[in-house]
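To start, the structure itself, in structure tokens.
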């Protein structure tokens, strides 16, 4: 500090008013929820999670309305179709697709619709005695297989023309990395490799072993999985909060006994209980059973949490004031204590949902899930397991759906936990 | 300290007892009885079972027989596998399950804890983000999704691993990773957050204020405290590996207890289900007991008070 | 007498993801051998951070961004981590506010004390233990030999604080920094600890920095005082000067807000209106200006320099400028230091 600073305007040394001082000082303050929402919005990962959750819910709830077909419609001729099709252009704008078990399909370019082409008797074709109306049954075809002269060739009839499918090269190639292609002859033209690979417009996710549209089934799976998760969480919430609040508020002996019971239940992996429950009650309808099983077992975590919160909150003075005013116990618990503990409760519920989805998938995977033809993601995955190397997409889509949903809820839950933490509150 | 161990031991035994009893009554409570469900039981089995379980005898007598059977490790014949005793199944399945399970535990402790510590020490640096990203994926993606991905990609496409079974040594890689994945990620995150919490504590500041070298502060003062919640997690971790093994063994076709359990569920093989459930429960409770004792060694406060976790 | 500690224009900030928290914004003071310096201020005034800066214990996301700290002529801010660790515990020691959390719960008292002693001396484990027992006895822990093997949770708060003091003094430091060591303790224990420290100071002869918000303790133990507010030093001087001849509105305000035995019965306490400044967005001028009844335009614009009221007594207030109007509380007009 030097002399130059003394050279200041005498005017600066006048007193200032209260308002001027105040202006420097204050800043607006937010409510707990507004502050939490603000913090949550800043958390990009949590916002991604929130978006994911909304998307999945839309997918499951609204999605099926865009389709006429149902999740249980079977079409045997269209089974095990992948989401991407290698098409052979066998004629002008005539695209063909051959399935792994040699169903021959013509694919409409515009709509993606497919229809099956009838297989015909090889011998008849060979001898030229084919009658356009004569079509063979599968057993007849099987009979003839041994008596063929031309091996590794199938014949099909489209309109009035014969299609010859030579799959010798395909057979020789490896199962997983098909290297060679079909050789298809139609109306005198032979095509030796696929001309284009398109996405399956009729069945974007492909079809399963019974020809059911996988996209629709995954959508319904979303409904089922989410429904189970939400309701189970709700049941856990109700039971857990009530139990925990009472234990925490009453304290003393009641609390000790109630917590002992919780400890005993907790002393064994809860999944074992669920499995036992499911085994016991299996035959009486999958959906309700699972919800019941999930709801009766996982409330213990919530109860512990709520009890802890209540124990901490009940020493606060506004509770004492409420008691002094004669407010009933039930009101104190549900109107004062629980709402103030909502932060951790909400976080807990958000994390329970992916847990429930996981458990439901897990149960389905070991065969204790909803019964056919209803499909949850877990049952879809289970069904697809055996075909994992040949039809990987059947497993991929439900597994992916499970993973995305769980990730979204987890990110959201993590974000909520940070946003609702009162210690991080600012302003 | 001895009193504490004894108390925990007694509680454990009582709990196992309770679980076995509950299992017994649950099985008996199935409407229509366990032996007349979806498929008719072959007469040979029915005769054996009736002889063994005294199904006409009063419930209390059946109960006593059942409990004696459990404690002498003789649980009767399997329902669906004719001629096979349940003990044989369990004992036969132990080697496979135990090996994969142990590898998983080694992976979890050997990778999870060190990386959790490293992540905490290098908070918000690139390695922290990388570890946290993987760990978050690990806790959110279910084990069977991981398993199927491994099979499809590493076995199917790349051919690095066998697609199933543990005959070849490489066959252990897939199941171990899939089985350990969740718990490994959880332990990493837990260790990290616990470490971060500990490093904020006053006593760490005291140690630094006294001039203690930084690596001693971390390795001696911080780590021991940070591991306390991690040790507490080992109980649930074992549970996770147990239940995870059902799915993993089924997917990878490993002949372990988990696979037999799943099979017995599908086949409604009640004797096996009961026995394996009791086995799992007992094993789990034993692990929790070990953890509680270990916990007392680390945290002196527990030794002197009736600490509740 | 030379200065054992000279702090000039210290600035320490914490760069959090919410913004820069300017905890200390230009702190200047000094200490001579044998001084017992009190640093008094509210929470958030920067007193703890000043002490931690001296000790070199400012960690991410904090940093000392400006200023010098000279200890016995040695510049501490430029020391390497390793050298600083040699200073800590041996030359400068620190004890902290909350004895309940300042000791590692999973190691015994003996373990923690011996660790420190052996770090800074060449003693064998046996010698170190004996020395530790001796120190515990000096701080008034009965049956020290038997109890040294206990764990912290077996000691009461007061005893833990004594153990901390014993540890801090075990290597004979030249300076002891005590950051609110009695705030978390009962008033009676507080008195004991203050007496203990006074006695130890007479025996060991180290300088002491005692940080507190309690003017009563300052009056009892300190020789020199600095008053901090909003990260800056408001006034510094001897105990007498600060208590009886204060020349800063904040200090005066503090005096008026303390209940005293000699106040008349119906006389009201006069609290200081308003609340402490937001250190993420500190005011441009004097930090106290928004609460000061004498605030002037210049106060809102620039912080005041430390005007020298008399030898060793300085106050950072524009009222001391020769251009300022006369007010009742502020008597002298001072020169800029």
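Being assigned to a strand (DSSP E or B) and touching a strand residue (DSSP E or B) at 6+ places or on another chain (Cβ under 9 Å) is a property that holds for residue C:65. In this structure, residue B:194 does not qualify as out of contact with any strand residue (DSSP E or B) (no Cβ under 7 Å at 6 or more places or on another chain) and away from chain C (no Cβ under 14 Å).
Of everything in segment B:27-43 that is closer than 17 Å to residue B:65 by Cβ and either in contact with a strand residue (DSSP E or B) (Cβ under 7 Å, 6 or more places away or on another chain) or at pLDDT 60 or above (or both), the residue that is nearest to the other protein chains (Cβ to nearest Cβ) is B:27. Being surrounded by fewer than 17 Cβ atoms within 10 Å (Cβ to Cβ), out of contact with any strand residue (DSSP E or B) (no Cβ under 7 Å at 6 or more places or on another chain), within 14 Å of another protein chain (Cβ to nearest Cβ) and over 25 Å from residue A:403 (Cβ atoms) holds for only one residue in B:123, B:168, and it is B:123. Evaluation of residue C:30 against the conditions (1) without any contact (Cβ under 8 Å) to a residue 40 or more places away in the chain; (2) within 14 Å of chain B (Cβ to nearest Cβ); (3) closer than 29 Å to residue C:252 by Cβ shows that the sole unmet condition is (2). Within segment C:74-91, the set of residues being surrounded by fewer than 18 Cβ atoms within 10 Å (Cβ to Cβ) and either in contact with a strand residue (DSSP E or B) (Cβ under 7 Å, 6 or more places away or on another chain) or assigned to a strand (DSSP E or B) (or both) comprises C:74, C:75, C:77. Residue B:243 falls short on exactly one of the conditions (1) at pLDDT 85 or above; (2) closer than 20 Å to residue B:183 by Cβ, and that condition is (1). Restricting attention to segment B:143-157, the residues that are within 7 Å of chain A (Cβ to nearest Cβ) and in contact (Cβ under 8 Å) with a residue 24 or more places away in the chain total 3. Scanning for something crowded, with 23+ Cβ neighbours inside 10 Å and closer than 23 Å to residue B:216 by Cβ, does segment C:55-73 turn up at least one residue? Looking through segment C:55-73, at least one residue is crowded, with 23+ Cβ neighbours inside 10 Å and closer than 23 Å to residue B:216 by Cβ. Listed here are the helices (runs of 4 or more DSSP H) enclosed by segment A:246-312 that have at least 3 residues being in contact with a helix residue (DSSP H, G or I) (Cβ under 8 Å, 6 or more places away or on another chain) and without any contact (Cβ under 8 Å) to a residue 12 or more places away in the chain: A:270-281.
Taken together, the residues in segment C:133-162 that are in contact (Cβ under 8 Å) with a residue 40 or more places away in the chain, within 14 Å of another protein chain (Cβ to nearest Cβ) and surrounded by 19 or more Cβ atoms within 10 Å (Cβ to Cβ) amount to 5.
The residue list B:199, B:242 contains one member that is at the interface with chain C (Cβ under 10 Å from one of its Cβ atoms) and either in contact (Cβ under 8 Å) with a residue 40 or more places away in the chain or surrounded by 19 or more Cβ atoms within 10 Å (Cβ to Cβ) (or both), which is B:199.
Residue B:254 passes every criterion in (1) touching a strand residue (DSSP E or B) at 6+ places or on another chain (Cβ under 8 Å); (2) outside any helix (DSSP H, G or I) apart from (1).
Of the residues A:412, A:389, A:380, the single one that is within 14 Å of chain B (Cβ to nearest Cβ), within 21 Å of the chain's Cα centre (by Cα) and under 30 Å from residue A:80 (Cβ atoms) is A:380.
Check whether at least one residue in segment C:48-60 is at pLDDT 90 or above, in a strand (DSSP E or B) and within 19 Å of the chain's Cα centre (by Cα), and report yes or no. Among the residues of segment C:48-60, not one is at pLDDT 90 or above, in a strand (DSSP E or B) and within 19 Å of the chain's Cα centre (by Cα), which makes the answer no.
The residue that is modelled with the highest pLDDT, counting only those in segment C:238-276 that are within 14 Å of chain A (Cβ to nearest Cβ) and over 20 Å from the mean Cα position of the chain (by Cα), is C:249.
Residue-wise test of (1) in contact (Cβ under 8 Å) with a residue 60 or more places away in the chain; (2) within 18 Å of residue B:294 (Cα to Cα); (3) within 18 Å of the chain's Cα centre (by Cα).
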position: B:161; (1), (2), (3): no, no, no
position: B:171; (1), (2), (3): yes, no, no
position: B:218; (1), (2), (3): yes, no, no
position: B:223; (1), (2), (3): yes, yes, no
position: B:227; (1), (2), (3): yes, yes, no
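Considering (1) crowded, with 24+ Cβ neighbours inside 10 Å; (2) outside any loop (DSSP other than H, G, I, E, B), the lone condition that residue C:201 does not fulfil carries the number (1). Within segment C:121-132, the set of residues being under 15 Å from residue C:107 (Cβ atoms) and within 14 Å of chain B (Cβ to nearest Cβ) comprises C:128, C:132.
Summed over segment A:186-216, residues that are surrounded by 17 or more Cβ atoms within 10 Å (Cβ to Cβ) and part of a strand (DSSP E or B) total 4. Taking helices (runs of 4 or more DSSP H) as the structural unit, those lying wholly within segment A:1-81 and holding at least 3 residues that are surrounded by 11 or more Cβ atoms within 10 Å (Cβ to Cβ) and modelled with pLDDT of 80 or more correspond to A:32-42, A:44-61. Scanning segment A:262-279 for any residue that is under 30 Å from residue A:327 (Cβ atoms) and within 14 Å of another protein chain (Cβ to nearest Cβ) turns up at least one such residue. The residues on offer are A:375, A:356, and the sole one that is more than 14 Å from chain B (Cβ to nearest Cβ), touching a residue at least 24 places away in the same chain (Cβ under 8 Å) and under 17 Å from the mean Cα position of the chain (by Cα) is A:375.
Residues checked against (1) surrounded by 19 or more Cβ atoms within 10 Å (Cβ to Cβ); (2) modelled with pLDDT of 80 or more:
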residue: A:251; (1), (2): no, no
residue: A:255; (1), (2): no, yes
residue: A:258; (1), (2): no, yes
residue: A:264; (1), (2): no, no
residue: A:279; (1), (2): yes, no
residue: A:287; (1), (2): no, no
residue: A:294; (1), (2): yes, yes
residue: A:299; (1), (2): yes, yes
residue: A:312; (1), (2): no, no
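The values are calculated or read from the model by the stated rules, or taken from the named source; none is laboratory data. Computed from a predicted structure; not experimentally measured. All Cβ positions, glycine included, derive from the backbone under ideal geometry; neighbour counts span all protein chains shown.
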